[in-house]
Structures are given as C-alpha cells and as structure tokens.
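**Student:** Sharing a structure here in structure tokens format.
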Amino acid sequence: MIMFPFRIPIKDWISAAVDFLVSELGAVFDGFSAFIFFLVNNLKDGMLFVHPLVLIALIAFITWRMAGWQIGLFSVLGLLITENIGLWVSFVETLALVLTAEVLVMIVGLPLGIYAARSDRFNSFIRPILDFMQTMPAFVYLIPAVMFFGLGLVPGVVATFVFALPPLIRLTNLGIRQVPKELTEAADAFGATNMQKLFKVQIPVAKPTIMAGVNQSIMLGLSMVVIAAMIGAGGVGTNVLRGIQRLQVGEGFEAGLVIVIMAIILDRITAGLGQRKKAG
C-alpha cells in the first residue's frame, strides 16, 4: 500500500459544491421540481382518467402498427394481466415517470449529440464525461437528486434522466457522423444551408441510429425504476422493493413481470419506429 503524506479531499470538494448550489440556486431547483412534478402528475392523471381497457387498446394499436400483430397481441395480454393482478396504477405511474424522463433526455440529448457530431473539439470534451456517467454506479445518482429535489417522484425522474442520457448523445453523434459524405457534398453543391443540410439530409439518414439511442435510453430508464423507488419515486419499483424487503417472492415476481412487459412493449415500439424510418 502506497502511503501519501496528504489526502486529496475529493469528497469535501463535492460536498462543498453541492452545498453551494443548493444554497445559491435553491429557487431554481424548486421551480424545476414544480415543473417536472406538473408534467409527471398530469401525464399520470390523464392516463388514469382513461378507462384501462381504452388505454390498453390504444397501446395495442400502437404496438401493432409499429411492430406487428404478434407484439400487439402480446401487449393486450400483458396489460390485461397487469390490470388483473392489481398493478395497473403502479404501471401507469412508472410509465409516466419513464416517458417524462425520456422527453427530457431527448430535449437535452439530441442537441448535444448533434453538436458533438458537428464539432470535433466538443466531441473530445464530452466523450470522457459520457464515459464517466455510464460507468458511475446508478445508486450514486440518487444522492445529488435527493439533495437538490428532496424525496419523491421528481428526484426519481431526474436520476433516471441523468442515467439514461449518454446513449442518446453517443448514438446521435455516431449516426450523423456516419452519413455518407456524398450526400452532404451533394447538399452543399445545391447550396443548402447548414440547417437545411442537418434537417433534410443528416437527421433523416441518421434516424435509425438515433432511434436506437432512444431505445437504449428508455431501457436504461426502466432499469432505474427499482432504484428510484428507494427515494420515493413510486410505481412498480415500490412493489419490487417491498417484495425484497419483506421477502415476499410472489409480490416481487409480479412487479418484475410488469416491468418486463413494459420494457418489451416500449422496446418493440421504438425499434419499430427505427425500422420504419430506415425502410422509408
């Protein structure tokens, strides 16, 4: 063991930085928390207002259109089982959390991925940050989320957002960089502006790769469901956590089954969107 005469106070620096942000930007965090809570709560209430059979039919229709009748039938059976075992409300809460986090991921991740593809300097800057974010244990994200936003649904959304962000940035960057140079050169030859070239050439060609990033970020978001339940995010993760704490294998298995059903449905929908774009 190497002995040093001093200790680098990393934990003290981080604690001081977090304390400073909480004290100086508390009003900003409170406003952002209220906004996120408004989004998630209204999305959840809207889905719960609709009769479960109507929402099941809507989801089944979307999965049928995006992934075929087999997945549509699977979604009907899986969601009927979810309602039958009494986890429909928890399912909707988790779906609202994941969808809200994914909206934030797309709002932040797409512009950053596009900028990284257009700037080698920014790409070199952000790459180690993304490596750090993807290798950091998921539990660590709960600490600043709780300190900035307290306990409950909002920190669960924020932690899920941060954890699920890197794949979309990476794959957006990769997809745009893989656009054939002949296409961009042809756009330049026709006098297209940078924005025209981006939205009419690069993004359409890169859409399958970008949709793969959306798919991966949603799957990572679902993997945070149980962890986020530890800070009061609610949803199906709470049932899984309760089953673990009380050694109730049946309850934990039912909740885990619901998460799997949700993951398969969302995975097939996003994969279907990517394939449709590629086919188009």
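**Student:** When the Karplus curve 6.51 cos²θ - 1.76 cosθ + 1.60 is applied with θ = phi - 60°, which whole-Hz ³J(HN,Hα) does each residue of the stretch 170-183 get, with x for Gly and Pro?
**Tutor:** Whole-Hz 3J(HN,Hα) from phi for the stretch 170-183: 4, 6, 5, 4, 5, x, 5, 5, 8, 4, x, 4, 4, 5.
**Student:** I need the phi-derived Karplus couplings for the stretch 83-93: 6.51 cos²θ - 1.76 cosθ + 1.60, θ = phi - 60°, integer Hz, Gly and Pro marked x.
**Tutor:** So the Karplus estimates, Gly and Pro as x, are 5, 5, 8, x, 10, 5, 4, 4, 4, 5, 4 Hz.
**Student:** Order these by the 10 Å Cβ neighbour count, fewest first: Y115, Y141. Working shown, then result.
**Tutor:** On the way: Y115 16, Y141 21.
Lowest to highest Cβ neighbour count: Y115, Y141.
**Student:** May I pose another question? Hey, how many Å between the Cα centroid of the stretch 204-238 and the Cα centroid of the stretch 1-61?
**Tutor:** Value for the Cα centre distance between the two parts: 14 Å.
**Student:** Something else now. On average over all directions, what projected area in square nanometres does the chain have, based on the convex hull of its Cα atoms?
**Tutor:** Values: hull surface 79.7 nm².
One quarter of the hull surface, i.e. the mean projection, equals 19.9 nm².
**Student:** What order, most packed first, do the peptides 95-105, 192-202 have when packing is the mean number of other Cβ atoms within 10 Å of each residue?
**Tutor:** 95-105, 192-202
**Student:** Given springs between every Cα pair under 10 Å in a Gaussian network model of the chain, which of G250, G156, G72 has the largest fluctuation?
**Tutor:** Ranking G250, G156, G72 by mean-square fluctuation puts G250 first.
**Student:** What's the extension gain from A16 to F139 if we count 0.36 nm per residue and subtract their Cα-Cα distance? Show your work: numbers first, answer last.
**Tutor:** On the way: separation 123, 0.36 × 123 = 44.28 nm, distance 2.02 nm.
Result: 42.3 nm gained on full extension.
**Student:** Also, quick follow-up: Using r as the Cβ-Cβ distance of L48 and N84, and R0 as 25 Å, what FRET efficiency do you calculate, to the nearest 0.05?
**Tutor:** On the way: r = 17 Å, r/R0 = 0.68.
Rounded to the nearest 0.05, the efficiency is 0.90.
**Student:** Could you tell me which residue out of I36, V162, A228 lies farthest along the dipole of the stretch 21-279 toward its positive end? Charges go on the beta carbon: Lys and Arg +1, Asp and Glu -1, centred on the Cα centre.
**Tutor:** After comparing all options, I get V162.
**Student:** Then there's this: Efficiency by 1/(1 + (r/R0)^6): what FRET value for I129 and I244, r their Cβ-Cβ distance, R0 = 30 Å, to the nearest 0.05? Mind showing how you got there, number by number?
**Tutor:** On the way: r = 33 Å, r/R0 = 1.09.
The value I calculate is 0.40.
**Student:** Taking +1 at the Cβ of each Lys and Arg and -1 at the Cβ of each Asp and Glu, which of G72, N239, A212 sits farthest along the dipole of the chain towards its positive end, judged by Cα position relative to the Cα centre?
**Tutor:** Selected residue: A212.
**Student:** Considering only P137, N123, V108, whose Cα is most displaced toward the positive end of the charge dipole of the chain, charges sitting on Cβ of Lys, Arg (+1) and Asp, Glu (-1)?
**Tutor:** Most positive-ward Cα: N123.
**Student:** Oh, and also: Which FRET efficiency, nearest 0.05, do F61 and E24 yield, Cβ-Cβ r, R0 35 Å? Intermediate results must be reported in sequence, preceding the final value.
**Tutor:** Working: r = 48 Å, r/R0 = 1.38.
Rounded to the nearest 0.05, the efficiency is 0.10.
**Student:** Among all lysine pairs in the chain that are eight or more places apart or on different chains, how many have alpha carbons less than 21 angstrom apart?
**Tutor:** 12
**Student:** If each residue's Cβ is checked for other Cβ atoms within 10 Å, how do E254, E83, E24 rank with the fewest at the top?
**Tutor:** Working: E254 19, E83 16, E24 9.
Sorted ascending by nearby Cβ count, the order is E24, E83, E254.
**Student:** I've got another one for you. For V18, V225, what ranking results if the residue with the fewest other Cβ atoms within 10 Å of its Cβ goes first? Walk me through the numbers before you get to the answer.
**Tutor:** Working: V18 14, V225 27.
Arranged by neighbour count, lowest to highest, V18, V225 become V18, V225.
**Student:** With each pseudo-label sitting 7 Å past Cα toward Cβ, what's the M147-F122 distance in nm, one decimal?
**Tutor:** It is 2.8 nm.
**Student:** Follow-up question, since we're still on this one. Quote the charge dipole size of the stretch 21-279 about the Cα centre in Debye, to the nearest 20; the model charges only the Cβ of Lys and Arg (+1) and of Asp and Glu (-1).
**Tutor:** Details: 17 positive and 14 negative charges, 155 e Å.
Computed charge dipole of the stretch 21-279: roughly 740 debye.
**Student:** With a sphere of radius 15 Å drawn around the Cβ of L43, what net charge do the other residues whose Cβ falls strictly inside it have (Lys, Arg +1; Asp, Glu -1)? Don't jump to the answer; show the numbers that get you there.
**Tutor:** Details: positive: K44; negative: D45, E93, E102.
Neighbour charge sum, excluding L43 itself: -2.
Bear in mind that the values in this text are calculations on the coordinates, not laboratory data. For clarity, every value in this text was computed on a predicted model and none was experimentally measured. Every residue, glycine among them, receives a Cβ derived from its backbone with ideal geometry; neighbour counts consider all protein chains shown.
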